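Participant: Once you've had a glance at the structure underneath, I'll fire off some questions.
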Amino acid sequence: WGAIARLEDLGRLSRDRARTPRESLRLLESQPGDHRLFHALTGIFERVWYGYRAASRADWAGAKELLEKIGCLGASTAPTANS
């Protein structure tokens with residue numbers, strides 16, 4: 001929901017708490033960048049939550065990276081002088 005709230009704050013989705021993440025994903029089809037990121041995040045969520053699979057380190061790392069790209073989390077790696 002953090003990603004959905006962020007996309008709502010940015011005006012890329014209208015606010016609607018009755019909408020599911022999958023429905024939000026469909027609404028992002030006209031926005032390829034947001035759709036790609038949210039599609040990947042939704043996939044991780046669905047495999048773990050609905051698939052009753054334990055979240056692996058790779059699941060968490062992937063979700064964390066996607067949340068950073070969407071703007072929900074600050075970058076976990078500090079920038080360097082050459083970045």
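The values are calculated or read from the model by the stated rules, or taken from the named source; none is laboratory data. Keep in mind that this is a model prediction, so the values were computed, not measured. Note: ideal-geometry Cβ built from the backbone for every residue, glycine included; neighbour counts use all protein chains shown. Ligands, DNA and RNA are excluded from the accessible area calculation, which covers all protein heavy atoms including side chains. Shrake-Rupley method; radii C 1.70, N 1.55, O 1.52, S 1.80 Å.
Participant: Scan region 1-24 for residues that are part of a helix (DSSP H, G or I), of a type outside the set (Lys, Arg) and farther than 19 Å from ASP59 by Cα and jot them down.
Facilitator: Those that are part of a helix (DSSP H, G or I), of a type outside the set (Lys, Arg) and farther than 19 Å from ASP59 by Cα: ALA5, LEU7, GLU8, ASP9, GLU23, SER24.
Participant: If you scan region 55-83, which residues turn out to be within 14 Å of ALA40 (Cβ to Cβ), among the small types (Gly, Ala, Ser) and either modelled with pLDDT under 70 or open to solvent by 50 Å² or more (accessible area, probe 1.4 Å) (or both)?
Facilitator: Within region 55-83, ALA58, ALA61 meet the criteria.
Participant: Which ones in region 25-45 are assigned to a helix (DSSP H, G or I) and open to solvent by less than 50 Å² (accessible area, probe 1.4 Å)?
Facilitator: Scanning region 25-45 gives LEU25, GLY33, ASP34, HIS35, LEU37, PHE38, ALA40, LEU41, THR42, GLY43, ILE44.
Participant: Just one of (1) hydrophobic (A, V, I, L, M, F, W, C); (2) in contact with a Gly (Cβ under 7 Å, 6 or more places away or on another chain); (3) surrounded by fewer than 16 Cβ atoms within 10 Å (Cβ to Cβ) trips up TRP49, so point out which.
Facilitator: All conditions pass for TRP49, except number (2).
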